[in-house]
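The structure appears right after this line, and notes come after that.
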Amino acid sequence: MRHPDGGDLTAKQCAWREQVRFEAAELFAQDGGPPQVARLLRVSRKSAYAWHARWRAGGVEALCSEGPCGRRSRMRPQWRDWPAAELDKGPAAHGWDEEQGWTLARVALVIARRFHVRFSPAQTWRVLRQMGFTPQLPTHRSAERDEHRVATWVRKTWPQVGKE
């Protein structure tokens with residue numbers, strides 16, 4: 001994600017980036033050129049030139065953060081506790097008995113059933129990530145898994161696959 005859009009930056013990190021732009025404005029006011037500012041502040045020359053153009057056009061105010069771009073999420077902050085609790089119950093609590101794993105499509109469907117708002121898988125992942133969820137491997141191994149056969153396959157078959 002692009003940082004000007006907020007990216008994955010926290011409020012503290014956004015404030016720090018804004019402070020760097022203000023330092024650049026001070027250096028520009030002291031006749032510092034973009035290459036010198038880029039070197040002193042350890043930013044790209046492209047950023048320094050863009051900041052310089054904005055500073056010349058509108059002063060320090062032009063370097064203030066404009067906040068995140070785009071529309072606000074349709075996932076309201078007050079709704080966020082409910083999906084977390086529901087995901088902890090597991091897919092079976094929502095009618096998926098055949099496979100005990102959450103997918104983005106399933107999570108989106110659970111959210112849509114409760115709040116009447118549809119999210120794409122990408123939007124669902126963004127919301128989950130903002131809520132602190134991460135991609136996980138299953139905590140339990142399949143009951144049908146045969147460790148001896150897996151070890152044999154890794155020892156005998158896998159080296160043959162690598163040669164092809």
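The values are calculated or read from the model by the stated rules, or taken from the named source; none is laboratory data. The shown structure was predicted, so the numbers you read here are calculated from the model rather than taken from an experiment. No Cβ is skipped: glycine too gets one built from the backbone with ideal geometry, and neighbour counts run over all protein chains shown.
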Counting only helices (runs of 4 or more DSSP H) entirely within the stretch 26-118, those with at least 1 residues that are surrounded by fewer than 16 Cβ atoms within 10 Å (Cβ to Cβ) and within 28 Å of the chain's Cα centre (by Cα) are 45-58, 81-89, 104-115
Restricted to the stretch 37-87 and to residues being of a type in the set (Asp, Glu) and under 25 Å from residue 16 (Cα atoms), the residue modelled with the highest pLDDT is 61
